[in-house]
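The next block holds one structure in the form of structure tokens; read it before the comments.
The values are calculated or read from the model by the stated rules, or taken from the named source; none is laboratory data. These numbers were taken from a predicted model, which means no experiment stands behind them. Cβ placement follows ideal geometry from the backbone for every residue including glycine, while neighbour counts extend to all protein chains displayed.
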């Protein structure tokens, strides 16, 4: 990548972080925002504990079924390396989404129309992404410094390396769709609309914010990204609680992943 292109990419990144600081001050930090903070719009999830366990059981089983179906299909059209991993991951996420939909519409009787994204979701999603970016970036810098001080080797996530080394246009397209559409929808429905929504009225609020975020970060199986992802998860949970719309965090999550992909291609760091 040329020096000029890297400079432009870095300038755009700094612009996004600055915009995030401005929005963070306006909506979260300044005294007027704290004094007039609106009441959370997220309704209590009153389902019994047994139903929540059933919800998670259905999601996990459907994920395994999706993975098993992908394994069977690979016997007819073998794949290896990154394409195989992407295909297995995509089918596993598709299975989870099918399980979530089955529970929501068959057990909870949630109307199908309620799942549609609204224009307001896109607006609040953009704001959530920008507000979270400075906090995640600062955490990333401090966390990496602490790991280096402790002598721990930093390794990129597998997907980061895959994006950086992808040569096939078809594989690259599949990875981008998985990162910006499938993964955000699945992870937000499980961790925010699932774990956080259930726990927030049953355990101390701070624990309800932190516990699902730690699980969310741990499942990415990368120490270097653990703390930043915990902060990101907490930010998404707060946005979901404030707006009551899971579409907000799905859009924010998609934008964050797209932002990460853009940084990888720009070569200006994470």
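The residues on offer are 237, 213, 225, and the sole one that is modelled with pLDDT under 95 and assigned by TED's automatic domain parsing to the domain that holds residue 28 is 225. Being surrounded by 13 or more Cβ atoms within 10 Å (Cβ to Cβ), within 29 Å of residue 198 (Cβ to Cβ) and assigned by TED's automatic domain parsing to the domain that holds residue 171 is the requirement here; does residue 24 meet it? Answer is yes for this residue. Could you check, for the stretch 72-86, whether at least one of its residues is part of a helix (DSSP H, G or I), at pLDDT below 95 and closer than 25 Å to residue 247 by Cα? Looking for residues that are part of a helix (DSSP H, G or I), at pLDDT below 95 and closer than 25 Å to residue 247 by Cα, one finds at least one in the stretch 72-86, hence yes.
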